[in-house]
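Please treat every number below as a calculation from the coordinates, not as lab data. Note that this is a predicted model, so its numbers are computed, not measured. Because the Cβ atoms are built from the backbone with ideal geometry, glycine has one as well, and the counts that use them run over all protein chains shown.
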Amino acid sequence: MPWPAKNAGLGIAAMSYIAVDYLRHLSPTWHSRLQPVLWSLLALAAVVRVPSYRHWSAEFRSAIPFVASMLFMLSALLFEALSVRSVTAVLGLDWHRNTPPLPDTGQWFLLALNEKLPSPIVEILRARIIGLHHFLMLFMMLAFSVLFDSVKAPGLGLGARYMFTMAVGRLLRAITFASTILPSARPWCAGSRFRVPAYPHPWAQKYYVPYAKDHDAISRVINLDTAYVDIGKPVSDYQPDWGSMSFLIDFLRPTVSEGPSWYSLLKKAGGGCNDLLYSGHMLVAVLTAMAWTEAYGGFSSALVWLLLMHSAQREIRERHHYTVDCIVAIYVGILLWKMTGFIWSREAKSSNRSLTKLETIQSRLIQASKDSDIDKVRELLKEIELISEESKDSTGIKHARLFRSATIFFALTIVVLAFTLTSDG
């Protein structure tokens, strides 16, 4: 981890954002006053730095990987949304209401600490200091800090790595929680968020329900290795007309009251209940912390990790997740981030042809200066000038201006929409 950071401005801005946003709980009046001022200052500072930014050619080369990573992430999120609905619907609401949560020693430990620690410390642990949208915004601030040379360019390369790693993590998470359905730590969750049939899917009626509780039935199905119980004709589900998407009916199990569209059904989900192992919130937090540590470092990165641990214990304390969900998310996020350094890395790479030529000339220029060979120095300086002109010509000044304007406009628009059209970013 780079220590200390190149400058403290980004860390101060990030912690100011967290502090001002927490004022919504302490003083809503001051929060409504200070938050627009802070956002305006940050946006203005970014826009002012755009004309003097020197790495647009590097940003241009990272544009295609960035767009590809974004599309990959959106596809992964769609698959995850389908999986969240499926694991909720397959067993029916009666199972969710009646199945007790799993024993969780982490939850017991936090309850024990409530009895041992001073009440002010317990209140700090319970405080909603940071949430999912905070970690997303911290990464946005990190990516934009390339304009101030706080982070190594290109910012789009850092964004591409973040989204690609996120997409891989979300796919692995969906495959994991869909493989074995865990009972929610909040038994009322499914009934309050989803409108699915109360009874199980025909597959669950045949392969799970007859062998769920009876010890003899479980032993016999193990020995026979076949579903021996004849359940008769299973209860059938509502079958809407979804056209080419009708194959999703068996996975999503819609009801009459949810409308005719599969897409509108998914939009109503608002988060899952049994998508537990591992925690998606903690995956986002870990990737933000890893990006912050590698790209920026310094004391503020330690604070980001501290906020991550606070968020983890709150996830467990409020029973959004089991302890194992948060632990697995932490080490999976760390390992995934370490594996995707080929997309963007703080370490300098000589992948650019012009940069490779400059590095080759550098050693010759140093030797010529030591030998006091003025003619050789002039010759090498001309070569450097030619390389610089080639680099400028290859990008094109007009295209570069258009690209940087579109990039900044797109990024700022996404940030504004995220915080105005959604409840939590």
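Considering each of A198, A204, A178, A217 in turn, give the residue that is touching a Phe, Trp or Tyr at 6+ places or on another chain (Cβ under 7 Å) and not hydroxyl-bearing (S, T, Y). Step through it out loud before you land on a result.
Details: A198 fails: touching a Phe, Trp or Tyr at 6+ places or on another chain (Cβ under 7 Å); A204 fails: touching a Phe, Trp or Tyr at 6+ places or on another chain (Cβ under 7 Å); A178 fails: touching a Phe, Trp or Tyr at 6+ places or on another chain (Cβ under 7 Å).
On inspection, the qualifying residue turns out to be A217.
Look through the stretch 205-235, keep the residues that are small (G, A, S) and free of Cβ contacts under 8 Å to residues at least 12 places away in the same chain, and return whichever of them is nearest to A81 (Cα to Cα).
Ranking the candidates gives A212 first.
Of everything listed in (1) part of a helix (DSSP H, G or I); (2) closer than 30 Å to L265 by Cα, the single unmet condition for P101 is (1). Filtered by the rule that a residue be hydroxyl-bearing (S, T, Y) and either in contact with a Pro (Cβ under 8 Å, 6 or more places away or on another chain) or not in a loop (DSSP other than H, G, I, E, B) (or both), the stretch 189-230 gives S192, Y207, Y208, Y211, S219. Give me a count of the residues in the stretch 144-165 that are over 14 Å from A63 (Cα atoms), in contact with a Gly (Cβ under 9 Å, 6 or more places away or on another chain) and of a type outside the set (S, T, Y). Qualifying residue count, the stretch 144-165: 4. The set of residues from the stretch 124-156 being crowded, with 20+ Cβ neighbours inside 10 Å and either of a type outside the set (A, V, I, L, M) or not in a helix (DSSP H, G or I) (or both) comprises I130, H134, F135, F139, F144, S145, S150, V151, K152, P154, G155.
Residues satisfying the criterion are present in the stretch 67-75 (criterion: crowded, with 19+ Cβ neighbours inside 10 Å, within 22 Å of S311 (Cβ to Cβ) and either touching a residue at least 12 places away in the same chain (Cβ under 8 Å) or touching a strand residue (DSSP E or B) at 6+ places or on another chain (Cβ under 8 Å) (or both)). For the stretch 270-301, a tally of residues being of a type in the set (A, V, I, L, M, F, W, C) and surrounded by fewer than 16 Cβ atoms within 10 Å (Cβ to Cβ) returns 1.
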